[in-house]
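Shown next, in structure tokens, is the structure this report addresses.
Taken together, the values in this text are just the output of simple stated rules run on the coordinates, not laboratory data. The shown structure was predicted, so the numbers you read here are calculated from the model rather than taken from an experiment. Using ideal geometry, Cβ is built from the backbone for each residue, glycine included, and neighbour counts are taken over all protein chains shown.
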């Protein structure tokens with residue numbers, strides 16, 4: 001399956017700046033003026049090495065991710081029928097030790113990841129809507145669904161930094 005060289009329309013990567021000295025660091029993750037998304041809920045996830053959390057998507061919710069620790073292979077698959085990238089998949093590596101950033105994933109873009117390396121992945125999730133278990137808009141697709149074509153065991157050849165603006 002051909003892999004696009006760019007991310008899909010509406011998927012954004014926002015590079016962040018660390019303000020560091022010998023005492024530690026300070027990093028702004030979201031500012032209202034960056035117009036990343038409204039914040040309806042913020043959550044943290046810790047995932048063990050080798051675990052795949054894929055794939056899911058939302059009808060009405062956009063997600064923003066910030067990787068605090070670890071390394072991932074991230075998979076995105078465009079389910080938006082009117083999008084030029086409809087049906088396409090992109091895989092890339094994200095290492096929290098590299099340049100920090102946030103990944104903005106619009107609604108109807110299927111997403112997931114596999115933790116690679118030896119450290120747990122620690123992810124900050126920011127959603128524009130609160131999760132409601134009685135009216136969840138989360139839909140699932142198997143991690144090995146052939147229509148997505150994600151090979152979680154192959155190094156993707158691209159890093160998140162390759163997509164920086």
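Mean-square fluctuation check for the chain, GNM, Cα pairs under 10 Å: which of 114, 134, 99 is largest? Highest fluctuation among the options: 134.
Relative to the compact-globule scaling 2.2 N^0.38 Å, provide the ratio for the alpha-carbon radius of gyration of the chain. Write out the running numbers ahead of the final one.
Values: Rg = 15.4 Å, N = 165, 2.2 N^0.38 = 15.3 Å.
The reported ratio for this selection is 1.01.
Using Cα-Cα distances under 8 Å and only pairs 6 or more residues apart, what relative contact order does the chain have, in percent?
Details: 365 pairs, mean separation 58.0, N = 165.
RCO, the chain: 35 percent.
Determine, from the Cβ-Cβ distance of residue 151 and residue 23 and an R0 of 45 Å, the FRET efficiency 1/(1 + (r/R0)^6), rounded to the nearest 0.05. Rounded to the nearest 0.05, the efficiency is 0.60.
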